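Where a number appears in this text, it was derived from the coordinates with a stated rule and is not lab data. On a predicted model such as this, the values are computed, not experimentally measured, just so you know. Ideal geometry is used to build each Cβ from the backbone, glycine not excepted, and the neighbour counts take in all protein chains shown.
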Number of protein chains: 2
Amino acid sequence: MTNTLNAAVDPEVLREVLDGRWAHVRRDARENLDDPDFLPVYGETMAEARERVTRAAKKLADSGRVVLGFPKEYGGQDDSGGSVTSIEMVAFNDLSIMVKTGVQWGLFGGALQLLGTKRHHDEYLRDVMSFALPGCFAMTETGHGSDVQQLRTTCTYDAATRTFDLHTPHEAARKDYIGNAAKDGRMAVVFAQLVTQGKNHGVHAWLVPIRDEQGNPMPGVTIGDDGPKAGLPGVDNGRLSFDHVSVPRDMLLDRYGQVAEDGTYTSSIENETRRFFTMLGTLVRGRVSVGGSAGSATKLALDIAVRYGEARRQFAAPGEEREIVINDYLVHQRKLLPALAKTYALHFAQGELVETMHDVQTAVHVHGQEIDEQAQRELESRAAGLKVAQTAHATQTIQMCREACGGAGYLQENRLPHLKADTDVFTTFEGDNTVLLQLVAKGLLTGYRDNFGSLDGWGRVGFVADMVRETVLERTAARALIARLVDAVPGVDDVPMLDRGWQLKMFEFREKHSLEGATRRLRKNSTTEGMAPFDMFNDVQDHVLKAAQTHIERIVLESFVAGVDRTEEPAARQLLDTLCDLYALSTIEADKAWFLEHGQLTPARAKLLTSTVNQLLRELRPHLVTLVDGFAIPDGWKAAAILVEEPARQEAMAARDAELRAQNGQSTPEGTATAVDVPPGQ
Amino acid sequence: MTNTLNAAVDPEVLREVLDGRWAHVRRDARENLDDPDFLPVYGETMAEARERVTRAAKKLADSGRVVLGFPKEYGGQDDSGGSVTSIEMVAFNDLSIMVKTGVQWGLFGGALQLLGTKRHHDEYLRDVMSFALPGCFAMTETGHGSDVQQLRTTCTYDAATRTFDLHTPHEAARKDYIGNAAKDGRMAVVFAQLVTQGKNHGVHAWLVPIRDEQGNPMPGVTIGDDGPKAGLPGVDNGRLSFDHVSVPRDMLLDRYGQVAEDGTYTSSIENETRRFFTMLGTLVRGRVSVGGSAGSATKLALDIAVRYGEARRQFAAPGEEREIVINDYLVHQRKLLPALAKTYALHFAQGELVETMHDVQTAVHVHGQEIDEQAQRELESRAAGLKVAQTAHATQTIQMCREACGGAGYLQENRLPHLKADTDVFTTFEGDNTVLLQLVAKGLLTGYRDNFGSLDGWGRVGFVADMVRETVLERTAARALIARLVDAVPGVDDVPMLDRGWQLKMFEFREKHSLEGATRRLRKNSTTEGMAPFDMFNDVQDHVLKAAQTHIERIVLESFVAGVDRTEEPAARQLLDTLCDLYALSTIEADKAWFLEHGQLTPARAKLLTSTVNQLLRELRPHLVTLVDGFAIPDGWKAAAILVEEPARQEAMAARDAELRAQNGQSTPEGTATAVDVPPGQ
């Protein structure tokens, strides 16, 4: 029980390490977005929440903090990384505002910017940026969320009238869950199958007016309301149907595909599937923003639970004067600390992702370079994978924090219910997590070859022959450092578990082995007589997703290792180093069975792993509060009554108890010690 | 991939097996509680929800379905098991109504009935039953939820005035999260330290008026509102503080402790701690009801997700005419089916618990027999353990079902958001799950000896010497059958995994080994020089909770085995038998690392376990809908729009797609097959 982390760590140093390349955007938000108008309001109606969030979005627009990603010539800053960092900071406030922001400036504005051309920019971009033109991103349809390439909405060109005819053929094809649709939206970027001269050219996007100046639906447009949701009450999600709506030819967002007056279709990208996924690929910012925002909500939940656990007493320690708070319990630490370690790990991985995204997008959209296909596909895969990891972690961790605060965690005044309900949809929007894991897996299995975005061919017999023969792990962060650490480890037994090289090697082995196993099984199925294509894939689906999952976990660990390596101040570096150990070992522990099954852990070492994790918890326990201080969340953003009230309450109670004990001349209250029975509830 | 479960199973047979001893109560509810007034309303304000739920509670009272547990002489039925079964059925409706019912007739009425004496019953019981007298159960205090024996509220007898003085010494001692307090309650059963003649006799309960006829707080009573919560908007939780409130002597609920006019204290139970836990022990019904209600919510969520997954198409199968629905995906089955198997398992365990509770309580409270201490303690332990298992399973499963329904699962109109938010508090009220697991562990470690309810002495050096020397597993269900099955298994290797005896033996070994290990480590710590008592326990806390967890899982498996054994109809029996295999094997799979570490699984058998689980999923897949049909939830209770709309929508879409394919003369839509890319969200 020796504590090897003796030095106190200055949270400011942690903050600086975490803030990274867009530190100025974060600092600016902490200083200037600390405004009660951006906080959630508890107990309001859906109508009130929608009104308030619309006002907040307008105020945010006026502050100029939402337009970093737009071109300089229209008043933006051409700063793609800054724009997602900005959204990540907004997400510490009311998440309805974050989603509204993401819809208006990320999805709607982003589609207009990246799929449209100069005439669209000139005409609409400034109004989008100022929120004078609220808009929707209308892609998802009611009947088939994930199969985007098969959208059923059609937009058919008529050369006679020089207009498109936009049409919803049946209810399953109506646009659904569309933010800004139920109340605010004036226009929508609508995705539909482009048909001209009798031929379908696949999914394209049009800018379509949906409401007139008075806010009434345009002719042929039916607008529905998704009504109350689990959370995000301030976001007006709705449904759009089009009954042969006439759309002028120049409203096609035609960067990647053009229709001439006579109906002739042209595109610089021949292959229809490739064209579609190129278009989708430009919209990667949305997925990156959701991951980052999930991270913010997770940090806030941990901040609340850690501070509460530091004040809250549960039982008096038997025969001791020492005050035991709930953070002192081993099982409480087992809940909070691995979650905190993973939150740090994901933060570093997110930071790296944002940098990559910024560099890739800047090259193409600011400097006008050709798309680097390999880089673009790796980016999309990374964005998908981290979105899965961040949102799944948020769902689990916020739930755990709510429970760690007991009854107090169930009251809206303590923020956690909103964090839980608002982020709950993150695992299934901007791509369902299970489907995104398949996307990541496909990239790994094919080496990001053609039609990466599509899973066309999963079941085809020919497909497996195309799979990469040898599994080569691509590295990103700190390549040289990581290779050196791994190479220094001779085997997997008898190596100290706190050896970073051993940890990295374990993650790497698991990923490589899972990938190779999945590949082998797919090949085998493809040569099995009478096996239907769907079954070839479905039989291995769990294995394939496991490969993707292990890939993501390795990437995240490598990012954390690189982050520690960048930290210069010795005490902070040592603390982060230990936290990285906890991330690595608790991740291995969570999948211990796999390592035992595959001979990477002996039973004796598996038990040692558990006690090593417990030892790390003891070492990190005194730094719990410092670790959440490092997130540097302004007090004004927290909006949790217990953070204000609980410490004073616990002090008063402890003082009074001590007084009574002194009066009675006893050291602990009578008949008690550590009674743990619990009340029937209310 | 052979399907050994060929026969179709009649869901009516499943229903009958599940309905058990109180089938008449369940049938009555299905037939007569199918009333829109009991359904949740989506999008209402908290004030509207509270009004509606108060009306519904009154209507429920008028129906006579809430009073089964009260004595016959006051219009009840002396049917303790019937009363909790009735609440379990109410829980398929709006859960705010269930909780309101639980507060009024379970907690408030139950305390009055079981802690009070004839004069209290004569005066108040009929009004409680009719809801003419709405009341509160005021135990929990703001500052220390789980340490009930150390409540800080005091109630001090003054012989001069022949009244008690009820007082809240500081804010941490105010009563909090109290149902019925914020709006409806007229009286409260208040728990406080009883002080008379200068001596504290521990916690007792008083019946205290909190509002006058006009609904204004009584003098000295301060009533606060907990405001909006994560869920349960129709329950008016609030806070109560008492400023030297005078309480007449005869308002003490004095079954277990009496104060004479002159202030002399008497009780038939000498030891204060034992007395307190005897009082608490009578209130076990609340915990049993929460477990049962969690089960109902889980069943409803699974019903919705399974039916949605049976209609919903995601991607067309490549090159096949076959319609693939999401229930056909292996990974989707891996989510739904083990959860469904566990839901069945818990249902059988709950049924057994209710029977035991009914028999124990009927003996004491109806037939006036002495309390059988051992039986009572085992009952409390079982109730605590199952409450943990049921509520943790509900939280996980409802979350999973929400995600399995994608965006539709996030809309309130599809019921899942309410199920999630309303049940969320179940894991921490009526006893925090972590604290309850400790209670279960203590019973196992001490053989349910003195002061079972208290964890007094966890840290004492002397305590560990008292622990049971030899770990003997108590059995409940189907003792003879289970012993026979286990004894028939020679070892743990080379036994088929579908051998029920092997499965039981694995569960049993794990429990015994965990318990023995925890005992050994506690003993070792108690002889470690300089180790503080708190640390002796805290060092082993994770191990101790593991022992409790494994105990609960064994009990649940044994109940399932007994349930299968009671099923006579061959096809249903075979289906349940396979489902029981899935429960057993997926539970072992979830803790595979433990079995590998402890030599109970070889790596090769661990891999075989995974493929055996997948094989069971394939066999059970065709019976998915039958299995939820077995829950026999009336359509009128479901209140989920997708169950009505989705099948028709999918049919229309499939028909139109087929038409287009026929027109184009191709078997699958162009350029597609199984595209799994996903839209940026809204």
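Observations, loosely collected:
- The residues packed around residue A:540, meaning those with a beta-carbon under 11 Å from its beta-carbon, carry a net charge of +2 if Lys and Arg are +1 and Asp and Glu are -1.
- Gyration tensor (alpha-carbon) shape descriptor, chain B, a/c threshold 1.5: oblate
- Cα gyration tensor shape for the protein assembly as shown, rounded if a/c is under 1.5, else prolate or oblate: prolate
- Cα gyration tensor, segment B:36-94 - rounded (a/c under 1.5), prolate or oblate: prolate
- Taken one residue at a time, the phi angles of segment B:340-356 give Karplus couplings (6.51, -1.76, 1.60, θ = phi - 60°) of 5, 4, 5, 5, 4, 4, 5, 4, 5, 5, 5, x, 5, 4, 5, 4, 4 Hz. Gly and Pro are set to x.
- Teacher prompt: residue B:529 distances to equivalent labels in other copies, 7 Å Cα→Cβ, nm: 7.6
- Counting, for every residue in A:432-439, the Cβ atoms of other protein chains within 10 Å of its Cβ and taking the mean gives 5.
- Sequence-distant residues sharing a close amide H with residue A:67 (under 5 Å, placed H): none
- Per-residue [θ]222 nm for chain B (sum of -39500 (n - 2.57) over DSSP H runs n ≥ 4, rounded to 500): -16000 deg cm²/dmol
- Here the protein assembly as shown is assigned +1 on the Cβ of each Lys and Arg and -1 on the Cβ of each Asp and Glu. Its dipole about the Cα centre then comes out at about 1060 debye.
- Estimated vicinal HN-Hα couplings, Hz - segment B:106-122 in sequence order (Karplus 6.51, -1.76, 1.60; Gly, Pro = x): x, 7, 5, x, x, 5, 4, 5, 8, 9, x, 10, 3, 5, 5, 4, 4
- Taking the C-alpha atoms only, the angle from helix B:433-446 to the longest principal axis of chain B is near 80 degrees.
- The long axis of helix A:272-281 is offset from the longest Cα principal axis of chain A by roughly 40 degrees.
- Förster-model FRET efficiency, 56 Å R0, residue A:362 and residue A:656, C-beta, rounded to 0.05: 0.35
- Less than 5 angstrom separates the built amide H of residue B:202 from those of B:194, all sequence-distant by 5 or more or on a different chain.
- 0 to 90° range, to nearest 10: angle between helix A:570-590 axis and chain A longest Cα axis: 80
- When each of the peptides A:415-423, B:391-399 is scored by how many other beta carbons lie within 10 Å of its residues on average, the order from highest to lowest is A:415-423, B:391-399.
- Distances, shortest first, from the label point of residue A:568 to those at the same position in the other copies read 8.3 nm; the point lies 7 Å along Cα to C-beta.
- Exposure proxy order (Cβ contacts within 10 Å, fewest to most) of A:285, B:119: B:119, A:285
- Neighbourhood charge, 13 Å Cβ-Cβ cut-off, centred on residue B:5 and excluding it, Lys, Arg +1 and Asp, Glu -1: 0
- Karplus 3J(HN,Hα) series, Hz, for segment A:520-527 with 6.51 cos²θ - 1.76 cosθ + 1.60 (x for Gly, Pro): 4, 5, 4, 4, 4, 4, 5, 9
- Backbone amide hydrogens, once placed in the peptide plane, bring residue B:254 within less than 5 Å of B:117, excluding anything fewer than 5 places away on its chain.
- Bridgeable lysines around residue B:638 (alpha carbons under 26 Å apart, same-chain partners fewer than 8 residues away excluded): A:175, A:229, A:420, B:58, B:59, B:100, B:229, B:299, B:335, B:342, B:387, B:420.
- Position residue A:258: other-copy label points at 10.0 nm, ordered by increasing distance, label point 7 Å along Cα→C-beta.
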